[in-house]
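Student: Could you have a look at this structure, given as structure tokens, before my questions?
Values in this text are rule-based calculations from the coordinates and carry no lab data. Being a predicted model, the structure only gives us computed values, none of them experimental. All Cβ positions, glycine included, derive from the backbone under ideal geometry; neighbour counts span all protein chains shown.
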């Protein structure tokens, strides 16, 4: 969906759902996700529909992901770091009535 | 407007449940509500349909709460069936957790007293040790030493309940009709609300703390006061908790409600960070995995409390046709309000045993 | 013990940076909280990084963006303490502030507070706007600035407003392919009477025309004839956008649809305190009621920049300095004559910039189209509540957003109503045929940003 205008930026290595990905130093996890080719970040709790980052300014909370073991972090507000493990958030297991 | 049988003043859970019950008995009614911004304990409460802690030292309330819990499943099923609105009621029993040996012993003593008080009517609450509690709720923290379990307890979405009741009421529900005057007239009452005047043979004051002002319109003072409870709710989490308890319950949506403080701060329904922090701390002690959950909302809501915290049901002095229904437990008692209390109103007489709920009980205490 | 500061500034955009720089220069103990990693706010996002690592990007990002580098430089050089990556989740009327940084929450007591939380984009609830591949124009610009990311395939921009054309022009300058620009709404002749004032006092019009000329020179298709009925089409992600233009249907295949309908004041924090707000019928959003120096009705709490009313980055900086001067005078850090001399400079500059506002507001009137949102369109993205759900709640007797929220769960998700609050209220207003002032807004309560139960539990 997005491409990098510069291919000479300094990079770090992160994993998204276990897949190794290069990310530019200083960019947000959401930016790295958009550049990775698959922008999906989570499934909604209500219908399980896929979502991708929408506002990239901390407002919409659509880019919630698990980052280094911590759930529901706003990927657009977290800067990538070498070795960071990012996971897409699955739909939470529903309550049994 | 042609005369109604009964006007219900208040469109929260108490008023709406009573209104629903009256309508279900084919009475001509109107339910008058205040508007989008009201104190609205119905919107702020915790959602427990509760038995185990109710009516200590006051058997009439213990019986009434238990009766309501008994009729709740039928009430819920019928309401859902009539309206098509799910209310997420579940009755698997509920807990009260004990975080120390002392708390456990105190709780056990209280439960024993309740057993003695309720006698053959059956109270059915049991104390469980840590291992038993853990079998039913594996997520408990290391500090939990045990708890009491009551099979009659349950929980519901209070918001969905209110929505279903309003749906059932249909055109009888009048929002933005804050009552500005109540006048007596031959054979009944006229109620001025919003730009309309309603007339009926009888009225029910069911407006929570709003009952203070409504009773004054008829020259009566009610001994009720606000008590603030603050509540936190988390984001939707994967299901981990099958049972509700005082202070923690996972809703049908997966979010977890955490509560609740008891503060005497008048009509201030705001939140305070130190109180919220204490609630959070207690929740994490009970269920450590909650530490990582994100809080998405917090609010304060005002309980409607009589001095002994039990309900008040009575006619106002000099106005037999003006009945007060005021209580803290609009959720727990919704079943009994709809199915039983509405019946008493339809018949025009509260049962004799309801004399115990009259506010004159406080005069007796004062002179005793 | 709770930390105490003279002036706490919330937000490190143009208003916050300018205010903090000036206040610190005159000896106030100033702290600036901002949840981003770098100063600049949205408008000057990552301007330091661009200046340091890829200054050639200024060629397409433009001169007005580069101007932010000077503001951030002065801010960095000042003695204002800057706390990036810090979330403000509570402000009380007694000026106690709850912050969270690195997973730790704590309280700070401020003698004065300046709220400069900027603007956010007006939500654009169209069918399919929750699909991956649909984003806001501001979001796309944000990654263009901060990460030099641009659309891979030809992109469609839809909506209206200065930001939309700015981003289109930046894409053109960066060599990014634009499939089409779909301009919603009819051209507004009501804007004309305001044109002379805007033209004569500011350079906004000239800049705007330049952008549009550049876009047209690049051969970009601009569909100008009253585009409506936008729909994002796709199953797992967007595949196409459909619309009608002058009543004729249109369809463009695209993997990326960017939406924009202007910006609104970010009032989440001021609503949560709460300070007094009023409905701005021209900008169609709620805004705090402020005096000429940005003071709210709560003692010691002021607002500057777009969070107090949409006026743009340059005006925001002036407004920040006006609020800072007011604080300096209150603390006795500057004398009366100095204050008078300094504030007049800011006020004149600000008035000149505001002269363009009536024209821009009239040229790009915010959409008043809530009645036209189809019943099955999601309006609350978090809880997936549709316009039809809101209307059903109104049928049940709801007359405002609060009862509607409790009946539908709209506004109960993690964004706390930021993305649906206006739309929900507008749908109610349209259905009841009442003015927005009467409908009101969600009651916003702290924490206004989610913090963990553990963090709150550990609060001292």
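Student: Fully extended, how many nm does the chain gain between residue B:267 and residue B:99 (0.36 nm per residue separation, minus their Cα-Cα distance)? Write down the numbers at each step before the final one.
Tutor: Working: separation 168, 0.36 × 168 = 60.48 nm, distance 3.17 nm.
Contour length minus Cα-Cα distance gives 57.3 nm.
Student: If you don't mind, another one. What Kirkwood radius, in Å to one decimal, follows from the Cα pairs of the protein assembly as shown?
Tutor: The answer is 29.6 Å.
Student: What number, rounded to the nearest 500 deg cm²/dmol, is the helix-based mean residue ellipticity at 222 nm of chain C, given -39500 (n - 2.57) per DSSP H run of at least four residues and division by all its residues? Could the numbers behind the result be given before it?
Tutor: On the way: 17 runs with 169 residues, N = 460.
Helix contribution divided over all residues of chain C: -11000 deg cm²/dmol.
Student: Using R₀ = 25 Å, calculate the FRET efficiency as 1/(1 + (r/R₀)^6) where r is the Cβ-Cβ separation of residue A:91 and residue B:86; round to 0.05.
Tutor: That pair, residue A:91 with residue B:86, gives E of 0.85.
Student: How large is log10 I(q)/I(0) at q = 0.11, 0.23 Å⁻¹ when the Debye formula is applied to the Cα atoms of segment C:370-439, each weighted equally and without solvent?
Tutor: At q = 0.11, 0.23 Å⁻¹ the computed log10 ratios are -0.19, -0.91.
Student: So how much slack lies between residue C:216 and residue C:228, counting 0.36 nm per residue of separation and subtracting their Cα-Cα distance, in nm?
Tutor: Stretched fully, the residue C:216-residue C:228 segment lengthens by 2.2 nm.
Student: Provide a whole-number value for the mean count of partner chain Cβ atoms within 10 Å of the Cβ atoms in peptide A:87-97.
Tutor: Across the residues of A:87-97, the mean count of other-chain Cβ atoms within 10 Å is 4.
Student: Any chance you could check the Cα centroid distance between segment A:1-40 and segment B:249-286 for me, in angstrom?
Tutor: 40
Student: Note the angle between two axes, namely the Cα long axis of helix B:158-169 and the longest principal axis of the Cα atoms of chain B, as a number of degrees from 0 to 90, rounded to the nearest 10.
Tutor: Value to nearest ten degrees: 30.
Student: Another question, then. Would you tell me the mean number of C-beta atoms belonging to other protein chains that fall within 10 Å of each C-beta in C:122-133, as a whole number?
Tutor: Mean inter-chain Cβ contacts per residue within 10 Å come to 3.
Student: Taking only Cα atoms, what is the 0 to 90° angle, nearest 10, from helix B:273-286's long axis to the longest principal axis of chain B?
Tutor: Once rounded, one gets 50 degrees.
Student: Mind ranking C:76-85, B:314-323 by how tightly packed they are, going by the mean number of other C-beta atoms within 10 angstrom, highest first?
Tutor: Result, highest mean first: B:314-323, C:76-85.
Student: While we're on this one: Along the Cα→Cβ direction, 7 angstrom out, place labels at residue B:216 and residue C:253. What is the inter-label distance in nm?
Tutor: 7.2
Student: Another question, then. How do B:50, C:199 line up, fewest other C-beta atoms within 10 Å first?
Tutor: Ascending Cβ contact count within 10 Å gives the list C:199, B:50.
Student: When A:89, B:180 are ordered from fewest to most other Cβ atoms inside 10 Å of their Cβ, what list results?
Tutor: B:180, A:89
Student: Still on this structure, please answer the following. Extending each Cα 7 Å along its Cβ direction at residue C:239 and residue C:289, get the distance between those two points in nm, one decimal.
Tutor: Going from the residue C:239 label point to the residue C:289 one covers 5.3 nm.
Student: Under a plain spin-label model, where a point goes 7 Å from the Cα along Cα-to-Cβ, how far apart in nm are residue C:340 and residue B:181?
Tutor: Here the modelled spin labels are 5.6 nm apart.
Student: Rounded to the nearest 0.05, what FRET efficiency is calculated for residue C:297 and residue A:22 with R0 set to 51 Å and r the Cβ-Cβ distance?
Tutor: 0.50
Student: What residues of segment A:5-28 lie in the reach of a label at residue A:82, counting those whose backbone N is under 15 Å from a point 7 Å from the Cα along Cα→Cβ?
Tutor: Residues A:10-15, A:22-26 fall inside that zone.
Student: Something else now. Among B:11-18, C:18-25, how do they line up from the highest to the lowest mean number of other beta-carbon atoms within 10 Å? Intermediate results must be reported in sequence, preceding the final value.
Tutor: Values: B:11-18: 28.6, C:18-25: 26.9.
Answer by packing, highest mean first, reads B:11-18, C:18-25.
Student: Could you tell me how many degrees, from 0 to 90 and to the nearest 10, lie between the Cα long axis of helix B:59-83 and the main elongation axis, the longest principal axis, of the Cα atoms of chain B?
Tutor: For helix B:59-83, the angle is close to 80 degrees.
Student: Please give the FRET efficiency for residue C:83 paired with residue C:177, using the beta carbon to beta carbon distance and R0 = 30 Å, rounded to the nearest 0.05.
Tutor: 0.15
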